[in-house]
1. Which of the residues spanning the stretch 39-57 are closer than 21 Å to VAL107 by Cβ and either assigned to a strand (DSSP E or B) or at pLDDT 75 or above (or both)?
2. Which condition breaks for ASP21 when tested against (1) at pLDDT below 85; (2) among the acidic types (Asp, Glu); (3) open to solvent by 50 Å² or more (accessible area, probe 1.4 Å)?
3. Got a sec? Which of ALA133, ALA88, ALA28 is over 30 Å from GLU13 (Cα atoms), hydrophobic (A, V, I, L, M, F, W, C), at pLDDT 70 or above and open to solvent by less than 80 Å² (accessible area, probe 1.4 Å)?
4. Return yes when THR110 is out of contact with any Phe, Trp or Tyr (no Cβ under 6 Å at 6 or more places or on another chain) and at pLDDT 85 or above and no when it is not.
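The values are calculated or read from the model by the stated rules, or taken from the named source; none is laboratory data. A quick note: this is a predicted structure, and the numbers were derived from the prediction, not measured. Glycine gets a Cβ as well: all are built from the backbone with ideal geometry, and neighbour counts include every protein chain shown. Heavy atoms of the whole protein, side chains included, go into the accessibility calculation; ligands, DNA and RNA do not. Shrake-Rupley method; radii C 1.70, N 1.55, O 1.52, S 1.80 Å.
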Amino acid sequence: DRLDELLGRAPEESDVRYLRDLYGAEIAYADSVLGELFGYLEERGFFQSGLLALTSDHGEEFFEHGGFAHRTTLYEEQVRIPLIFRGAGAQDWLGRAATRPARILDVAPTLLEAADLPQPVEWSGISLAAHDAERPQLLS
């Protein structure tokens, strides 16, 4: 109800703080659950031979540019998302800065390369392990 009320007017600083606090609570909860998942996988030796990828589909804007939530702009708040790899083989090619942005469609080819499996020819993604690969700068 409060969100519907906010979208019809310019938010006050207390409104923005409230929404950021709610979002922060969601992140804290997700962090807690992921910690449990990682602990579970660690106890069972998953990371000795398995590779886990964790990402998101978008970020959120909190009126930094006059908008709220997502799907309205391509500002950093919405397009810069986490991408975490953990497990077997990841230490061999991660931790180096890439010269081009990563794309969601590059995650699956990265996992296939780490598993030493071929990438289907119809896929357009490029493994993130190929740091020098040419990647498109713009979305179609």
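1. Keep residues of the stretch 39-57 that are closer than 21 Å to VAL107 by Cβ, which gives 41, 46-47, 49-57.
Passing the criteria: LEU41, PHE46, PHE47, SER49, GLY50, LEU51, LEU52, ALA53, LEU54, THR55, SER56.
2. It fails just one condition, (1).
3. Values: ALA133 fails: at pLDDT 70 or above; ALA28 fails: over 30 Å from GLU13 (Cα atoms).
Only one candidate qualifies: ALA88.
4. Details: out of contact with any Phe, Trp or Tyr (no Cβ under 6 Å at 6 or more places or on another chain): yes; at pLDDT 85 or above: yes.
Answer is yes for this residue.
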